[in-house]
1. So, how do all the Cα-to-Cα distances of chain B break down into 5 Å bins, in percent, from 0 on up?
2. Once you sort the root eigenvalues of the Cα gyration tensor of chain A as a ≥ b ≥ c, which label holds: rounded (a/c under 1.5), prolate (a/b larger than b/c) or oblate (the other case)?
3. Given B:Gly199, A:Leu181, A:Ile202, which one lies farthest toward the positive end of the charge dipole of the protein assembly as shown, if we put +1 on the Cβ of every Lys and Arg and -1 on the Cβ of every Asp and Glu?
4. Roughly what angle does helix A:163-176 make with the longest principal axis of chain A, taking Cα atoms, 0 to 90 degrees, to the nearest 10?
5. When you look at the Cβ of every residue in B:184-192, what mean number of other chain Cβ atoms sits within 10 Å?
6. Would you please classify the overall shape of the stretch A:126-271 from the alpha carbon gyration tensor, given that a ≥ b ≥ c denote the square roots of the eigenvalues, rounded means a/c under 1.5, and beyond that prolate means a/b larger than b/c while oblate covers the rest?
7. In peptide A:60-73, what is the residue-averaged number of other protein chain Cβ atoms found within 10 Å of each Cβ?
8. Roughly how big is the B-A contact, given as buried accessible area in Å² (both sides, 1.4 Å probe, nearest 100)?
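The values are calculated or read from the model by the stated rules, or taken from the named source; none is laboratory data. For clarity, every value in this text was computed on a predicted model and none was experimentally measured. Cβ placement follows ideal geometry from the backbone for every residue including glycine, while neighbour counts extend to all protein chains displayed. Side chains are part of the model used for accessible areas, which takes the heavy atoms of the whole protein and leaves out ligands, DNA and RNA. Shrake-Rupley method; radii C 1.70, N 1.55, O 1.52, S 1.80 Å.
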Amino acid sequence: MTAVSTPPTTPTRPRRTGTPQASVLYDAPGPRARRMTVIASVVVTVVILVGAWFLVIQPLSEKGQFAYKLWGPIIDPSNKDFYAVWQRLGQGARATLIAAALAIVSALVFGTLLAVLRIQLKELARRRYAGMSAPVALGLRGLTVVLNAVTRFCVEVFRGLPVVITIFFVARGLPEFGFDLATVWYLVIGLTIYNMVVIAEILRSGMEGLPRGQREAAASIGLSPLQTTRLVLLPQAFRIMLPALISQLVVVLKDTSLGFIISYEELLNVARQLTQVLHNPLQMYFVVGVFFILVNYTLSKLAGYTQRRLARRGYRAAHVPPTALAAQADAGGGGGP
Amino acid sequence: MNILVDRFGDFAGGFWVTLQICIVAGVGALLVGTIMAVLRISPVAPLRAVGTAYVTVFRNVPLTVVLFFMAFGLPVLGSSARFLAIPGLDAIFTRLGTDLPYFRFAVIGLSLYTGAFVCEALRSGVNAVAAGQAEAARAIGLTFTQNLRHVILPQAWKAAIVPLGSVIIAMIKNSALVGFFGVTGDLSQTADNLVSGEGLALIPVFIGVSLGYLILTVPLGILLDRVERRSVTA
């Protein structure tokens, strides 16, 4: 309840208030409007506090949710379970971060490869193979068309599938085909499949959004298409799309919590195991929620910061493709810039 | 591949339950999101703070945690969310009125979670309207509501439709998670049941369940691409 923010801060500085959209909807407030907002703010604050008391705090305390038995193991260092609980939570948090780090790195690597592949295929589809015999040229063109269709199909399928389903079937399928891996790898592979597709789309639209002159200049100094992509397009796409990529990191981090469906011992799963002993689900999940909010909020801020920095250095605001936006709301869903 | 044909009933049933969840939760999310968006753009600072806090919390917490809160937290508080068993509505969406609360919990969780993203989509729409538009509207003497109805909202809506669609697509995919939180018979729980319970072959089940989700998400995605391309060229 940050409702205590003192009323005068908003109306006294009409144009430059914290929320820019206010200026679209409302004129700069005059003395009367300012008085009204102050009164409304005070009334609303009181209503919120009273409402929070009667609707949240009181029912919770009536159900005994503030009892020491439930909170003690989490907040009281002298409690006998305190260290064991936090040690487990620490292990869980580490497992979460490890899975997220592995997934994001591999998703970046494979996503970049996929993006380059798709750009190259698109380039090749335009080639006519002049100077080769007709059947060879036709065969090569057919091959690129087929490869193009296959990659496009894979992208659409894995973008449209829930990550949970991908992870579930990876965890069930790989052992069946003889790949017995540690649980963390099933989670990482599942997350990678989904996120590499999303990242590839982010990068691809970044590369296609670059001015045509970039490509033409590269061609005119004699770079091959692959060199053009590698040396000219990709670095710029990375820079422009950096905020979207950082947001994707938030998504990955949130999605690691799906590990519980394949019994990977990440933070949420550990918390669930602890609640079976301590019987304090509300309190335990509260702690988990706070952890995720802290980490993800920091990452979102970082994304916003990089975006502002890039804007300052003259890169026009990246056109974030709908795929990237969709990704933000994903099972994970993350704070965008 | 016979499984796809033989067990078509299971897949179709799962599809129907998933569709029900998506419709109810989608409406709920739009409601929650609109309310939060109004709060976030209101001139009263405490209301804005409430909206901001809501969005910050639900955007940064995994849906899994939200659903855990619903499935394990609400029963502790003695609630089974009976208020969602709205007469008339529970005739169409029969799961809303059942004794088992998990469908209702899932709907609440999904709505609350998606609502935060709906709020941001709507807000980005309002932000996309140039300040000069509203200033011009005020200058020619339109009142606040006229301004909103004839100038701001039509433009904001146009800018919000693509992000809003992406949020709905994401919600459909997220709904797969509820099968692991006590909702029986939706697509993902059907998959789990057929694979773990009955030991059917993986690949056909995977194809069947995937088709169920892709039928919902891919056409919507293509439609959105169209809308976006048109709005860019226009």
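1. That works out to 1, 6, 12, 14, 15, 15, 12, 9, 6, 4, 2, 1, 1, 0, 0, in percent per bin.
2. oblate
3. After comparing all options, I get A:Ile202.
4. Once rounded, the angle reads 60 degrees.
5. 2
6. Note, shape of the stretch A:126-271 comes out oblate.
7. Shielding by partners across A:60-73 averages 1.
8. The buried area between B and A, both sides summed, comes to about 5800 Å².
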